[in-house]
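All remarks here apply to the structure that follows.
The values are calculated or read from the model by the stated rules, or taken from the named source; none is laboratory data. Treat the numbers as computed from the prediction; the structure is a model and nothing was measured. When we count neighbours, we look across all protein chains shown, and the Cβ atoms used for this are built from the backbone with ideal geometry, even at glycine.
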Amino acid sequence: MIARDQVSLGILAGGQATRLGGRDKAWVEYRGNSLLMRTLGMLGDGYAAKLISHPTDSHRFAALGLSSVPDLRPGFPGPLAGIEALLAQCRSDWLLTMPVDMREIPDHLCELLLASSAGQGAVVRDGDGLQPLVCLWPVVSALPRVTAALDGGDGAVHRVIAALCLHVHDISPSRMGNLNQPADFE
């Protein structure tokens, strides 16, 4: 089985957060902690590297052991562009991506995906359906597919996952949930 220290963690936090009034989602608080600190706490340590897809290179990220990775494409082209930038920056064979705004993250998620991936990578399906941003990516094969999709004008993460034939790790009926709009934080 692949070990956690062969995996880089990539937090996706580079969106515009329009439903939250444009606030920087990484630092929005939920239950007394920033979304970023909650996510890091739920995912644990021991990764080859910790990266964050974010448009700014903040000293706050460096203080947490995170390397900030801006999109390689102008504007805000969506999460697939964040994944592309993380894959391009990744120096390990595997990249685990996680959106910063997940309400719940299963214990030992990295190990669950590593064990179920059969060496091909894996994505999570929960009670709400496929969670394409919660994914263990095989870096060497994923980066050219992601880049080709974006170059072709396709920003759909789920289509890249299907093309890569990633294993689907089903945690249903559990739900990870998202914290996307003000009502989600109540």
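Consider region 58-76 and keep the residues that are without any contact (Cβ under 8 Å) to a residue 24 or more places away in the chain and assigned to a strand (DSSP E or B). The one that is farthest from Ile2 (Cα to Cα) is Ser68. The residue pairs whose first member lies in region 43-57 and is under 14 Å from Val100 (Cβ atoms), whose second member is β-branched (Val, Ile, Thr) and outside any loop (DSSP other than H, G, I, E, B), and whose beta carbons are closer than 6 Å, counting only pairs six or more residues apart or on different chains, are Leu51/Val69; Ile52/Ile11; Ser53/Val69.
Among the numbered conditions (1) more than 18 Å from Val157 (Cα to Cα); (2) of a type in the set (A, V, I, L, M, F, W, C); (3) at pLDDT 95 or above, the only one that Ile83 does not meet is (1).
Restricted to region 77-164, the set of strands (runs of 3 or more DSSP E) holding at least 1 residues that are among the aromatic types (Phe, Trp, Tyr) and buried (at least 17 other Cβ atoms within 10 Å of the Cβ) comprises 94-99, 129-138. When region 165-180 is limited to residues that are part of a loop (DSSP other than H, G, I, E, B) and surrounded by 14 or more Cβ atoms within 10 Å (Cβ to Cβ), the one that is modelled with the lowest pLDDT turns out to be Asn180.
In region 168-186, what residues are without any contact (Cβ under 8 Å) to a residue 60 or more places away in the chain and under 17 Å from Met98 (Cβ atoms)?
Across region 168-186, the qualifying residues are Val168, His169.
In region 82-110, the residues that are within 19 Å of Gln120 (Cβ to Cβ) reach residues that are charged (D, E, K, R) and surrounded by fewer than 24 Cβ atoms within 10 Å (Cβ to Cβ) with C-beta atoms within less than 6 angstrom, at least six apart or across chains, in these pairs: Cys110/Arg4. Residues that are in contact with a Phe, Trp or Tyr (Cβ under 7 Å, 6 or more places away or on another chain) and surrounded by 13 or more Cβ atoms within 10 Å (Cβ to Cβ): does region 39-47 have at least one? No, every residue in region 39-47 fails to be in contact with a Phe, Trp or Tyr (Cβ under 7 Å, 6 or more places away or on another chain) and surrounded by 13 or more Cβ atoms within 10 Å (Cβ to Cβ).
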